[in-house]
Amino acid sequence: MRTPKEINALIRLLDDPDEDIYGHIKQELKSFGEDVIPNLESQWEKNRLGHLFQSRVENLIHEIQYGSLEEHLIDWWKEDKPDLLEGATLVSNYKYPSLSFDDINKQITKYTQEIWLELNDYLTALEKIKLINHFIFDVHGFSGNIAGFHDHKNSVLKDVLDTKKGNPLSLSILYILIGRQLDLPIYGVNLPRHFVVAYLDPYQLTTPIEDSPVLFYINPFSKGDVFGPEELTEFLEKIGVSEKEEHFKPCDAKTILKRMLNNLIYAYTKGGETQKAEEVKKLYKVIVPE
């Protein structure tokens, strides 16, 4: 194992004009993984070697962080029942590599605690949803980002929490995560061209959860409007999609994560950020090769 002094000496050689030497040094530094990033950042700040060195350091840091994200994403996908918040944090890590699970969890817990203080066992399911809607949309001002519907920020949970604007999927994820912390049976429903959540019958929960009966549906993009299966049927007819059983049932975290990545790919593509779109596509293919 090289000493910190030796590692820093290697880093300073990243500006070598010989591509073979540069490639060799780059690969050795990458072999240290994320542990070498603080050294790279420190040398980037101190260096007077110019643009080439700084550009190579920036690219190397990105490659290391991206490779680490791939590995974490693969590990998450291998789990039988992966955690939705962890998955959403991983998607945010593409844009914010240093963001931690705890960073996101703390923000969501803050909202949950406010709602929890007002909840009691005597409230009906609809009354509980009305309370959640009041805090999320009225008190804290979350809303659907209609004007910037295709902005990539709508697909990054950290940005949604910061801007308080999102698309149907990201606002539904927030709703699901708050519901989970409140121990309420709220799950996502993977509708085509939209995404909503279902409130399941708490007395008839099954394994798998997809077979549990639904009491009603909620549309977080419309500030928590509540509706029934008839409206879902009407929506599918309106967009010309054949009705399927899966359109009415809750989905799992893996289905949600795939849709998050697809949304992010589309947003980057539409925004002209093709390199980022291609990188997210690569992340998608890591977990869904076909």
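Rule-based calculations on the coordinates, nothing more; no lab input. In this text the structure is predicted, and so the values were computed from the model without any measurement. Reconstructed Cβ throughout: ideal geometry from the backbone, glycine too, with neighbour counts over all protein chains shown.
What to note about this one:
- Exposed-loop-free span, longest in the chain, where trypsin sites (Lys or Arg not before Pro) count as exposed if DSSP calls them loop and at most 11 other C-beta atoms lie within 10 Å: 49-192
- Computed on segment 12-85, with alpha-carbon pairs under 8 angstrom and 6+ residues apart, the relative contact order is 31 percent.
- Where Rh is the Kirkwood radius over Cα pairs, Rg/Rh for segment 141-208: 1.03
- From helices alone, the chain scores -17500 deg cm²/dmol at 222 nm; the rule is -39500 (n - 2.57) for each run of n ≥ 4 DSSP H residues, then divide by the residue total.
- The Cα center of segment 174-239 and the Cα center of segment 62-129 differ in position by 19 Å.
- Taking GluC sites (Glu not before Pro) across segment 85-133, the ones in a DSSP loop with at most 12 further Cβ atoms lying within 10 angstrom of their Cβ are Glu118.
- As a proxy for reagent exposure, Ser172, Ser242, Ser100, Ser155 were ordered by neighbouring Cβ count within 10 angstrom, fewest first; the result is Ser242, Ser100, Ser172, Ser155.
- Between His134 and Gln54, the distance separating the two model label sites (each 7 Å from Cα on the Cα→Cβ line) works out to 5.3 nm.
- Helix 274-287 and the longest principal axis of the C-alpha atoms of the chain enclose an angle of approximately 70°.
- Mean separation of Cα contacts under 8 Å (6+ apart) over length of the chain, as relative contact order %: 14
- Gained length - Tyr96 relative to Arg193, 0.36 nm times residue gap less alpha-carbon distance: 32.2 nm
- Estimated FRET transfer efficiency when R0 is 41 angstrom, pair Leu182-Glu79 (beta carbons, to 0.05): 0.95
- Projected label distance in nm at Asp18 and Glu41, using a 7 Å step from Cα toward the beta-carbon: 3.2
- Kirkwood-based shape ratio for the chain, expressed as Rg/Rh from alpha carbons: 1.06
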